[in-house]
4 protein chains.
Amino acid sequence: MPSKRKVAILAATGAVGQRFIQLLQGHPWFQIEVLAASEKSAGKNYKAACNWLMESPLPKEIAEMPVVHTDVESVEKAGDVDLVFSALPGDLAGPVEEEFAALYPVFSKASAHRMDKDVPLIIPEVNPEHTALIPIQKKRRGWKGFISTDPNCSTIQLAMTLKPLMQFGLKQVVVSTMQALSGAGYPGVASLDIIDNVIPFISNEEDKMECEPLKILGTFDGEKICPADVVLSASCHRVNVKDGHLEAVFVKLEENPGIEEIEEAFRQFKGEPQKLKLPSAPENPIVVRKEQNRPQPRYDRDEGRGMSVVVGRIRKDPVMSVKYMCLGHNTIRGAAGGGILSAELMVAKGLC
Amino acid sequence: MPSKRKVAILAATGAVGQRFIQLLQGHPWFQIEVLAASEKSAGKNYKAACNWLMESPLPKEIAEMPVVHTDVESVEKAGDVDLVFSALPGDLAGPVEEEFAALYPVFSKASAHRMDKDVPLIIPEVNPEHTALIPIQKKRRGWKGFISTDPNCSTIQLAMTLKPLMQFGLKQVVVSTMQALSGAGYPGVASLDIIDNVIPFISNEEDKMECEPLKILGTFDGEKICPADVVLSASCHRVNVKDGHLEAVFVKLEENPGIEEIEEAFRQFKGEPQKLKLPSAPENPIVVRKEQNRPQPRYDRDEGRGMSVVVGRIRKDPVMSVKYMCLGHNTIRGAAGGGILSAELMVAKGLC
Amino acid sequence: MPSKRKVAILAATGAVGQRFIQLLQGHPWFQIEVLAASEKSAGKNYKAACNWLMESPLPKEIAEMPVVHTDVESVEKAGDVDLVFSALPGDLAGPVEEEFAALYPVFSKASAHRMDKDVPLIIPEVNPEHTALIPIQKKRRGWKGFISTDPNCSTIQLAMTLKPLMQFGLKQVVVSTMQALSGAGYPGVASLDIIDNVIPFISNEEDKMECEPLKILGTFDGEKICPADVVLSASCHRVNVKDGHLEAVFVKLEENPGIEEIEEAFRQFKGEPQKLKLPSAPENPIVVRKEQNRPQPRYDRDEGRGMSVVVGRIRKDPVMSVKYMCLGHNTIRGAAGGGILSAELMVAKGLC
Amino acid sequence: MPSKRKVAILAATGAVGQRFIQLLQGHPWFQIEVLAASEKSAGKNYKAACNWLMESPLPKEIAEMPVVHTDVESVEKAGDVDLVFSALPGDLAGPVEEEFAALYPVFSKASAHRMDKDVPLIIPEVNPEHTALIPIQKKRRGWKGFISTDPNCSTIQLAMTLKPLMQFGLKQVVVSTMQALSGAGYPGVASLDIIDNVIPFISNEEDKMECEPLKILGTFDGEKICPADVVLSASCHRVNVKDGHLEAVFVKLEENPGIEEIEEAFRQFKGEPQKLKLPSAPENPIVVRKEQNRPQPRYDRDEGRGMSVVVGRIRKDPVMSVKYMCLGHNTIRGAAGGGILSAELMVAKGLC
């Protein structure tokens, strides 16, 4: 790893952009070279352009960096970039990410290209073999770079727990979420809407949770991803919690493993990031808690520096086969941290 | 209805006891005659014995009433009582309620006797015919009075929405709850445990939700209740909301009704309380909201003065048949209000 | 009072506008004739234009009313209006309210005209004699109507408690507020900003609290208001409470009244609204609570249907003379309710 | 510093006890030797005895340590102890701490002995010279050890900001607090009491804040502490925040320094802990923020690893001289961290 790769962050002033900046501080492989944002931020320095929301202070050298407009020309002019992290909102990401991908590897948190046939939807521990789509995509589109996407934040933690259950013949999943405020970005949810309340609706979230896992858990047949033979149903709800999505998961399995066997499958679950010792890889992708009242968002969201998923309350289910709770940090593993881990995987595999 | 029935409230100083007092103010059929509580409250006047938690002020005449100890002798001495509301905690309720039932009709919010074979577990709109157990119970136990129980607060609202689905061949139910703080009584949940957090465990709650509906939805065969042929799975969670339990419900039906048909079944659902025009009966036991982000605890918990259940987001389910949200006020319909409605039903039926 | 006066509400779709609508339901003197709002709402019916935030349901006849644009011509065309309630934001209110005042009595919640020399800044219990500015204003400006303003929400409750202290030689006031989220309007404070947090700054609030009471407590000399000889210092903070501003008040008095004397002064305080039995007047403008931990926002904000100010913890102060807590409902007494009471006062006095 | 001092923690299972354990992990001078608690915990291992509330995991070696009863004999038997940290509740601490002080240096967070004439009430940056009471105390009481106390959590942060203002002739202080839930211990404040609410009363807190600073800011005359010539008034309130007390402070000064001068006095303020480079000393005891909406509990409480006090919004005061906000972490600087820093000071000074 001779020298650090230089990265640009698109939508660098938003909540996910800020998390990218925070997590890339002192990163051994990547260094921030260009910060891009919308027109109203471009031309300012970062400190002036951004309402810093992280609890850790805004790094001084970032504070003084100029913010450029989110277009290829401006980014090229601003620095020599090796790869791009995109925190663009879903509705803007589509064409903009394509422009960047013509030149750079783009790691996107946006939903725009997730279900594109030649774009991998990656959780590095779950489906690293889907990176095989990258050369296909580059060839087909005639791009020097490519687009790699991360799943929706609620989907990532769910899919990580579903993967080790595939061995038991996973057939059906019912999931009910209690999602954190930070998942809605900033300013996001109005305080008057959530005080003493729950909002039982998150736009498009249930669709994503019912659809994305089929691709993530699918198999690459040499050309494309064949979706997994699983059916999911999701009900998504916003609760008064800052960070950390909590999910009640009910699964139907073809086999009849014991609770200890399932617990062991969760504990043993490791993936390429652990084998390759990627810088952002948690030692344990899944941590199992035995207390009857865990995982809890405030106590468990920072497990593995926010990169582990915490599972608890694994028990037999009278209707399905098994039920359990899972929790993940929605803006670390579920957003910026997941994107960085994907980029690390691609670097380690020589794909960028 | 010549003169008002005189009632005693057991555990009158607790959170549910207070709600009984609040809801019985100005009640056309019942008037509070005796307030009973534990030893440390007995002998004080109510104002001194109780930490009043209701937002409406403590009624003046109640404030000055003496509190007596929770035993038959003390209650008898304190006044001429026609019936008893029990807000006793589950672990104390067992023998104490039996002593009272030897003399008085006892309407109990406690779990102790809910699953006793000869004790009805009543939701007046759902299974009023189960009151037929009363004469059987009285005869078998040789009591002048009887015990009638209300279900667990999370169960009541769920069972009310399941009843109109029985016509479509209800087979399986998966339910994930987001329950309010007041369900844990007072002082209940520590603020340090729930700020910026969710607690994914409520002791015994899942068992109750998986078990009680079978009895409630069961049929009386002339001698006993035959449990309904339904299987339930529950996952129960505490969220930072004052009042109002919200539940995500997924149901499997044998038939394949359309969403409009189900919505209509909810809307049309009425029961004996509505026919008999019982004083506490809401006009609509189930209210259907069409907005995509309702029901919400803060906005919908007071529907029908807290006696209606609010349903929303009825939609097709890819794994089960149908999913929807339901919400009820856990300390009104789910506790004191439900108990009062049961007592009204029995009075109207001449059972007490 | 032969027939009801017809009112228009400006900025009817906002949080204060909604409160006006809610409080005017069934009002004996006023009926809503026109709802006006910004360009993006004009032309829709109210239900479609507004995100209804009140816990009580949107009245059906209001839901179907058309919303017109906030200009004199549109309002005139929409109905025969007798008076106008303005919930306009401070920065827009200036010229718009003047246009309306040329034709109509305008009761304004906006800050724009509060400190104008010929515009009264009214709390009906405190300075009803300041309505004497109305004929002066009309003459000077050549208007058929006039502008009457209500103070800032934090100021109203403070000034109501200061008024009965004037008899003891009030000289200095230090006040530290804990203000509710609804004071910031909607969407207002982002949930991510206030969860597990306090925001120790509210734009312009301290200036208003230090300045407005001088006018309110001032004396009318036949031509103008001479400011009261009192000095105030305020520190304003936003806390995670839905409604109800709580204030810690420290006052310096020239005289040395006992605590009971002060308490009695608060209790005895009545004003013209009580004498005139105005429809929205609370029986007691100030309610004194004796418990050591009151007033509390959730328990006390609805006192007197939100129109009373609740005072508690009156005690000697080692630095100043006396300290106490006061609490008022910021969107009822502190906004729409206060405006309606002002209008009632003017009607009763024959000023409109 | 040849070998680490061995410490015992009294009331080790409570909220402050847990914070002591957390902060002493990897401490260069101190190592935990004995954990003591009440009868119901004694005999269990720590993990079983304690409901661990810290967000960082319970250290493994602590989890397995035995808990002994809080009496000198049990502690002596359990290990060779050099000094004692006491997190005992105020009402128990009196005689128990005296017993321990006969043998050991006792650093107490309890209020019991704070105002004893021969017991120092220490904030290491503010009044390190008060440690001169230690030899006087030992001699007078005939103890091998001694008692040193830390002020009340709200007082510590206030007094730290008052110290640099002494140079301007500090005469009067009015302070209004917004205090965190963790200040009430565990379970402490019931969630039903604080949701959508503020509690404007904390038992004994105002007395402590009005009294303790006089001793802390007082001068040692060779024999005793002569109280500072300052008068304070406090109003104390509990808000829905996990950690971090926020205070609005209004001060009257004899001199008339400019805002920049005061800001500079805060910034320049250092004390012995900084000179001696004590392990727990923050680089800056007071950090000044210039943003108009800071300090905020969630963003600023961890400044200096929770050992700095953050000051902001310094401005001229129309009634007093100057007003500002200050914030401190109530369970770190305000409790366990403050106690550890006091112990470090005594060790560095050769007093234990």
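Taking every residue in region B:121-150 that is among the acidic types (Asp, Glu) and pairing it with any residue that is surrounded by fewer than 24 Cβ atoms within 10 Å (Cβ to Cβ) and part of a loop (DSSP other than H, G, I, E, B), at least 6 positions away or on another chain, the pairs with Cβ-Cβ distances below 7 Å are B:Glu125/B:Gly271.
Residues that are more than 8 Å from chain A (Cβ to nearest Cβ) and over 17 Å from C:Gly90 (Cβ atoms) within region C:181-200 comprise C:Asn197, C:Val198, C:Ile199, C:Pro200, listed in sequence order.
Of all residues being in a loop (DSSP other than H, G, I, E, B) and more than 7 Å from chain A (Cβ to nearest Cβ) in region B:301-328, which is most open to solvent (accessible area, probe 1.4 Å)? Just the residue, please.
It comes out as B:Asp302.
On the stretch given as region C:70-89, residues that are in contact with a Lys or Arg (Cβ under 9 Å, 6 or more places away or on another chain) and either open to solvent by less than 40 Å² (accessible area, probe 1.4 Å) or not assigned by TED's automatic domain parsing to the domain that holds C:Lys40 (or both) total 7.
Residue count for region D:102-137, restricted to those that are of a type in the set (Lys, Arg) and either surrounded by fewer than 18 Cβ atoms within 10 Å (Cβ to Cβ) or closer than 17 Å to D:Phe20 by Cα (or both): 2. For region B:329-346, check the following and say yes or no: at least one residue is within 14 Å of chain A (Cβ to nearest Cβ), more than 24 Å from B:Leu181 (Cα to Cα) and surrounded by fewer than 23 Cβ atoms within 10 Å (Cβ to Cβ). Scanning region B:329-346 turns up no residue that is within 14 Å of chain A (Cβ to nearest Cβ), more than 24 Å from B:Leu181 (Cα to Cα) and surrounded by fewer than 23 Cβ atoms within 10 Å (Cβ to Cβ). With the structure loaded, tell me whether D:Trp29 is modelled with pLDDT under 95 and among the aromatic types (Phe, Trp, Tyr) or whether it fails that test. Spelling it out, it is not the case that D:Trp29 is modelled with pLDDT under 95 and among the aromatic types (Phe, Trp, Tyr). Of the residues making up region A:202-227, just one is surrounded by fewer than 19 Cβ atoms within 10 Å (Cβ to Cβ), touching a strand residue (DSSP E or B) at 6+ places or on another chain (Cβ under 8 Å) and assigned to a loop (DSSP other than H, G, I, E, B), namely A:Gly218.
Against the condition within 14 Å of another protein chain (Cβ to nearest Cβ) and under 22 Å from the mean Cα position of the chain (by Cα), how does B:Glu283 come out, does it pass? So B:Glu283 fits the description; yes. Residues that are touching a Cys at 6+ places or on another chain (Cβ under 6 Å) and either in a strand (DSSP E or B) or under 30 Å from B:Arg238 (Cα atoms) (or both) are absent from region A:256-269.
Residues in region B:244-274 that are touching a strand residue (DSSP E or B) at 6+ places or on another chain (Cβ under 7 Å), of a type in the set (Asp, Glu) and surrounded by fewer than 14 Cβ atoms within 10 Å (Cβ to Cβ): B:Glu254 only. If I ask for residues that are without any contact (Cβ under 8 Å) to a residue 60 or more places away in the chain and either touching a Phe, Trp or Tyr at 6+ places or on another chain (Cβ under 8 Å) or over 22 Å from D:Arg238 (Cβ atoms) (or both), which ones from region C:301-317 would you list? The answer is C:Gly304, C:Arg305, C:Gly306, C:Met307, C:Ser308, C:Gly312, C:Arg313, C:Ile314, C:Arg315, C:Lys316.
Say we look at region D:186-201 and pick out the residues that are assigned to a loop (DSSP other than H, G, I, E, B) and touching a Pro at 6+ places or on another chain (Cβ under 8 Å); which of these is most open to solvent (accessible area, probe 1.4 Å)? Here the residue is D:Pro187. Reported count of residues in region B:201-226, each being hydrophobic (A, V, I, L, M, F, W, C) and within 13 Å of chain A (Cβ to nearest Cβ), is 5.
Of everything listed in (1) closer than 14 Å to B:Met160 by Cβ; (2) without any contact (Cβ under 8 Å) to a residue 24 or more places away in the chain, the single unmet condition for B:Lys277 is (1). If you go through region C:58-95 and pick out every residue that is out of contact with any strand residue (DSSP E or B) (no Cβ under 7 Å at 6 or more places or on another chain) and either of a type in the set (S, T, N, Q) or under 22 Å from C:Ala184 (Cα atoms) (or both), you end up with 6.
Taken over region D:38-60, the criterion of being open to solvent by 70 Å² or more (accessible area, probe 1.4 Å) and touching a residue at least 12 places away in the same chain (Cβ under 8 Å) is satisfied by D:Glu39, D:Gly43, D:Lys44, D:Lys47, D:Asn51. With respect to D:Arg298, is the statement that it is modelled with pLDDT of 95 or more, within 21 Å of B:Ile195 (Cβ to Cβ) and surrounded by fewer than 23 Cβ atoms within 10 Å (Cβ to Cβ) true? Against the criterion (modelled with pLDDT of 95 or more, within 21 Å of B:Ile195 (Cβ to Cβ) and surrounded by fewer than 23 Cβ atoms within 10 Å (Cβ to Cβ)), D:Arg298 qualifies. Restricting to region A:1-23, give me the number of residues that are open to solvent by 10 Å² or more (accessible area, probe 1.4 Å) and either in contact with a Phe, Trp or Tyr (Cβ under 7 Å, 6 or more places away or on another chain) or farther than 16 Å from A:Phe100 by Cα (or both). The number of residues fulfilling the criteria is 12. Within region B:153-181, residues that are of a type in the set (Phe, Trp, Tyr) reach partners that are assigned to a helix (DSSP H, G or I) and open to solvent by less than 10 Å² (accessible area, probe 1.4 Å) with beta carbons closer than 8 Å, at six or more positions or on different chains, in the pairs B:Phe168/B:Ile262. Using the structure shown, decide if C:Ser235 is of a type outside the set (A, V, I, L, M, F, W, C), at negative phi, over 21 Å from the mean Cα position of the chain (by Cα) and at the interface with another protein chain (Cβ under 9 Å from one of its Cβ atoms). No: the conditions fail for C:Ser235.
The values are calculated or read from the model by the stated rules, or taken from the named source; none is laboratory data. Predicted, not measured: the structure shown is a model, and the values here were computed from it. For neighbour counting, all protein chains shown are included, and Cβ atoms are generated from backbone atoms with ideal geometry for every residue, glycine included. Side chains included, ligands, DNA and RNA excluded: accessible areas come from the protein's heavy atoms. Shrake-Rupley method; radii C 1.70, N 1.55, O 1.52, S 1.80 Å.
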